[in-house]
Structures are given as structure tokens and as C-alpha cells.
Ligand code: ASP
């Protein structure tokens, strides 16, 4: 049994929804379909979820992101989107549009409850329309709303967490009688007190992951608009291959900010139950995509190379710091107090560097420096901006850490110097810090030397 989730780009307009219907029809094992709200398309430059957020926050959402779209424009865009979907898919529009308008115009809620309710409408009405369309196309499919299924979330309305009774509720609700399929709107659930709550952005991945886990699916398919996970960023290296198989751990190590193929929390329960996740492309369903597994036999040392940009290094010097018990703990505590996430900490007897996202230092660096100097009586503190961290990942590296020699040699041959080097304790990833100005070239060199021959 397969649970398949279709993201915003897969359900953004009628022609995409037709593709989704064909995909569902083409494999009778696809029994549970989770859908997002419509994403952005050629006519609508914003996602429906963002328009709904804009409406619920009286225009603040787009204003905050410096996007010039008023509350009224958002309202019109939402209504138009669902009107077009109904028309083009031949779905009876009157009741759907009437109740959507009622929901948006007559909502008695306030604060976060109102925002959660509004944004949930994106998935809610999309699932209704897609269900009607699929029925018309001959599928024996039933709409399962999270509030009916008992998809229970904590009452943190805009960042709801799935509560344990949800799993039992799902098992009881989905009986699969009469060869039936089910369609579920993603992203939202209901609190114990009966209010609508949503999970974090991209939360339909979580709905799919939780359903796959609760129903002990054989596979969780995550349909999107890319062929899978690439061995390196294809925007930098267009010839990059899709990685056919990788482990959850490898995917996590390869991911960096900006990588948004998949919501990580959705993996946790699938990983626990060893349910493979298949990332697939709605626009190219023949492609095998990427299979994310709990284990795999490594055929190669390296599976991919990630690059994290806009990093800064805070290098601290103090004589004898290596002997000062609690120094690093206090240092990390200070970063924590400033709400700054710390990445790597290369260290030596009298030196330590902390790598952070430079964005996180904005407006904080002077105070941070003062606190560090005052509390730790440091000798020097240097900040270097515009660094990139290149991370080489592969479970095969554990058995062959010499592979890293090839990487360093390749950089040396092209005279690319590096600022930092670090091996993870699990020995399956290596981090090389380079100046951002040469990071694309470094990535090309490493890709050419380490991955180009393997065909991914
Ligand atoms: N529609 C929601 C969002 O844009 C959830 C999702 O698409 O997964 O974040």
C-alpha cells in the first residue's frame, strides 16, 4: 500500500491535477492521496496559503515580506483560483464557492485560531475539488477530512504537533473496504478542543508521513516538481545526476538551507518504521526519482556534495583556553542566549572557532562580542564573513576515509585553498570551509573529481 502526497506545484492548476489523477490511476497500490493547497502558477505569483495568511493577518503577511498585495487582492486571487479549478475540472462550483466565501467572511474566530482556520482552507477546498474530479474520472475515492479522521494536533495553532491518539484514530478510520481510495487534505488537523490548527509550513509532507506510519504503508511517495535529490545543486552544476538511493541520514547531511524538497520531520516516523520514501516528479512520472531508505549497501564512497553559503566564523583566541574547564560550554551558552545556532567548532589548545549563519549575527555582533570578552576574558576575537561550507556525504566514506584525499588533491591541483576542514564523528561527512567567492568553482572541481564518473 502506498501513501502518496502531492505538493503545491503538483496541484497548482487543472492540468497538474489531471496529471495527479493519472498517476493515482496508474498504480492500484496508491490508496491514500494527500494534497497541498495550490502553489504558485503562471497567473498567480503567490501560493494560496500565502494569500490566505495575508487575508487572515489583514495584509500584514505580504507587507512584512515587502510584497505589494492587498488583503482584497488576496481574497480575489483565492476565489478566482477555486472558481477556475472547479470550472476547468468540471466540478460543481456553487456549493464549494459558497462555503469558501462563508468561511472567509463569517469566521467568528480571532488571533492564531483565526489564522490557522483561514490557512487550512487552502488544503481543505483543494482536496474537496480534487476528490470530486477523481470521482468523475471513475476512481472509487472518499474524502477524509482531518477533523473527521481525528488527526489531533497540539493547541499551538500555527505550529501544531501530532498527538499520539492520531495514529489509533487513523488506523480505525481507514478500512480500505470495497477497494476504496482516500484523499486527505494535508497540513492541518484539529485540537483536542475541536479547533482547527495547522502544522509548520510545508506541513502536508507531515500529514503524508504520519499516515504512512500509522497505516504501516509499504512506501511513502512524495510527488513534487523535481526528479529527486541531486548529488550537487543543479543550479550550480546543471549536469548533476539525481541520487537514486540514499539513507535518511545521508539526506539529512546533504540538506542545507534552501533545500526544500522535503519536510524533515516527516521522515522521522518513516525512518523508525523503515518505510521507504520515494521523491518523484509529477511532471516526469516515469523517472524513478530518489528512494530514501533506512539502510543501503554503499556502492560508492560518496553520494553527494552540499554547499552551505553565507556563513561566518567567529575565531576566539585565549592562552590556555584548552585547559579551562567549561570554557566551550560557556561560549556556546552565550550563542544560545543570543538565539544563534552554531554549526561547527574547530578547536585547538588556545583557539576555537564557531561557525554560524552570518544572517544570525545581524544587529547582534557587537553585543555578542562584548559578552564573550567580558565573561570569558578572551585575548582576541576575529570575525570572518562570506564563507561557504562544502560537505561531502556518503555512508561509504566510513570504510574509506582516504577518499577525502582525492578531494583535497583536486582542490590543490587547481590552487583552491581552504579555510577550515572538519570530519564528522560518524565519519560519513567531511566539511571544507572555503571563501564564498570561490565556492562554486570548488564545488565544480569536487563534483568533477568525485562524482562525475560514478553516474550518481
Ligand atoms: N500549503 C502549505 C504551505 O504552503 C502546506 C504544504 O504545502 O505542505 O506551507
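Of all residues in the range 20-29, count the ones that are surrounded by fewer than 21 Cβ atoms within 10 Å (Cβ to Cβ) and either within 15 Å of the ligand (Cβ to nearest atom) or more than 16 Å from residue 136 (Cβ to Cβ) (or both). Working first, answer last.
Within the range 20-29, the first condition is being surrounded by fewer than 21 Cβ atoms within 10 Å (Cβ to Cβ), and the residues that meet it are 21-23, 25-29.
Next, from what is left, pick out any that are either within 15 Å of the ligand (Cβ to nearest atom) or more than 16 Å from residue 136 (Cβ to Cβ) (or both): 23, 26-29.
The number of residues fulfilling the criteria is 5.
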- Would you say residue 45 is free of Cβ contacts under 8 Å to residues at least 12 places away in the same chain and within 15 Å of the ligand (Cβ to nearest atom)? yes
- Task: Within the range 212-219, identify whether any single residue is within 16 Å of the ligand (Cβ to nearest atom), buried (at least 23 other Cβ atoms within 10 Å of the Cβ) and either at pLDDT below 95 or farther than 14 Å from residue 280 by Cα (or both), and answer yes or no.
- Result: yes
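Do you know which of the residues in the range 337-361 that are in contact with a strand residue (DSSP E or B) (Cβ under 8 Å, 6 or more places away or on another chain) and in a helix (DSSP H, G or I) is surrounded by the fewest Cβ atoms within 10 Å (Cβ to Cβ)? So that I can check it myself, show each step before the final result.
Taking the range 337-361 and keeping what is in contact with a strand residue (DSSP E or B) (Cβ under 8 Å, 6 or more places away or on another chain), we get 340-347, 350-359, 361.
Pick out the ones that are also in a helix (DSSP H, G or I) and you get 358-359, 361.
Values: 358: 19, 359: 11, 361: 18.
Out of the qualifying residues, it is 359.
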- Note on the structure: Checked against (1) at pLDDT below 90; (2) surrounded by fewer than 21 Cβ atoms within 10 Å (Cβ to Cβ); (3) assigned to a loop (DSSP other than H, G, I, E, B), residue 252 satisfies every condition except (3)
- Mind checking whether some residue in the range 86-95 is within 16 Å of the ligand (Cβ to nearest atom), assigned to a helix (DSSP H, G or I) and more than 19 Å from residue 199 (Cβ to Cβ)? no
- the range 4-27, residues that are over 12 Å from residue 38 (Cβ atoms) and not in a helix (DSSP H, G or I): 4, 5, 26, 27
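How about the range 33-42: which of its residues are surrounded by fewer than 24 Cβ atoms within 10 Å (Cβ to Cβ) and more than 9 Å from the ligand (Cβ to nearest atom)?
Taking the range 33-42 as the starting set, the residues that turn out to be surrounded by fewer than 24 Cβ atoms within 10 Å (Cβ to Cβ) are 39-42.
Hits for the range 33-42 are 40, 41, 42.
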- Name the pairs whose Cβ atoms lie under 9 Å apart, with the first residue in the range 364-378 and within 17 Å of residue 327 (Cβ to Cβ), the second assigned to a loop (DSSP other than H, G, I, E, B), and 6 or more positions between them or separate chains? 368/338; 368/340; 371/338; 372/378; 376/318; 376/324; 377/318; 378/318
- Message: Any residue at all in the range 196-206 that's crowded, with 16+ Cβ neighbours inside 10 Å, more than 16 Å from the ligand (Cβ to nearest atom) and either under 20 Å from residue 33 (Cα atoms) or modelled with pLDDT of 95 or more (or both)?
- Response: no
- Which of (1) within 16 Å of the ligand (Cβ to nearest atom); (2) surrounded by 18 or more Cβ atoms within 10 Å (Cβ to Cβ); (3) more than 28 Å from residue 18 (Cα to Cα) is the odd one out, the single condition residue 240 does not satisfy? (1)
- Message: Please verify whether residue 231 is crowded, with 24+ Cβ neighbours inside 10 Å and either farther than 21 Å from residue 159 by Cβ or more than 16 Å from the ligand (Cβ to nearest atom) (or both), treating the condition exactly as stated.
- Response: yes
- Task: Kindly indicate whether any position in the range 369-376 is part of a strand (DSSP E or B) and either within 30 Å of residue 299 (Cβ to Cβ) or touching a helix residue (DSSP H, G or I) at 6+ places or on another chain (Cβ under 7 Å) (or both).
- Result: no
- In the range 175-185, residue surrounded by the most Cβ atoms within 10 Å (Cβ to Cβ) [restricted to those that are modelled with pLDDT of 95 or more and closer than 14 Å to residue 217 by Cα]: 182
- residue 11 within 14 Å of the ligand (Cβ to nearest atom) and under 23 Å from the mean Cα position of the chain (by Cα): yes
- Residue among 155, 41 that is assigned to a loop (DSSP other than H, G, I, E, B) and closer than 18 Å to residue 200 by Cα: 155
- Message: Contact list please: Cβ distance under 6 Å, first residue in the range 177-204 and farther than 21 Å from residue 61 by Cα, second residue assigned to a strand (DSSP E or B) and within 12 Å of the ligand (Cβ to nearest atom), pairs at least six apart or on different chains.
- Response: 184/34; 186/34
- Can you name the residue in the range 49-66 that is within 15 Å of the ligand (Cβ to nearest atom) and farther than 20 Å from residue 109 by Cα and is also surrounded by the most Cβ atoms within 10 Å (Cβ to Cβ) among such residues? 62
- Message: Looking at (1) away from the ligand (no atom under 13 Å from the Cβ); (2) over 15 Å from the mean Cα position of the chain (by Cα), which one does residue 226 not meet, given that it meets all the others?
- Response: (2)
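Say whether the condition of being more than 22 Å from residue 24 (Cα to Cα) and in contact with a helix residue (DSSP H, G or I) (Cβ under 9 Å, 6 or more places away or on another chain) is met by at least one residue in the range 129-139. Break it down stepwise before answering.
Applying the first criterion (more than 22 Å from residue 24 (Cα to Cα)) to the range 129-139 yields none.
Taking every residue of the range 129-139 in turn, none turns out to be more than 22 Å from residue 24 (Cα to Cα) and in contact with a helix residue (DSSP H, G or I) (Cβ under 9 Å, 6 or more places away or on another chain).
The values are calculated or read from the model by the stated rules, or taken from the named source; none is laboratory data. Keep in mind the model is a prediction, meaning the values are calculated, not measured. All Cβ positions, even for glycine, are placed from backbone atoms using ideal geometry, and neighbour counts span all protein chains on display.
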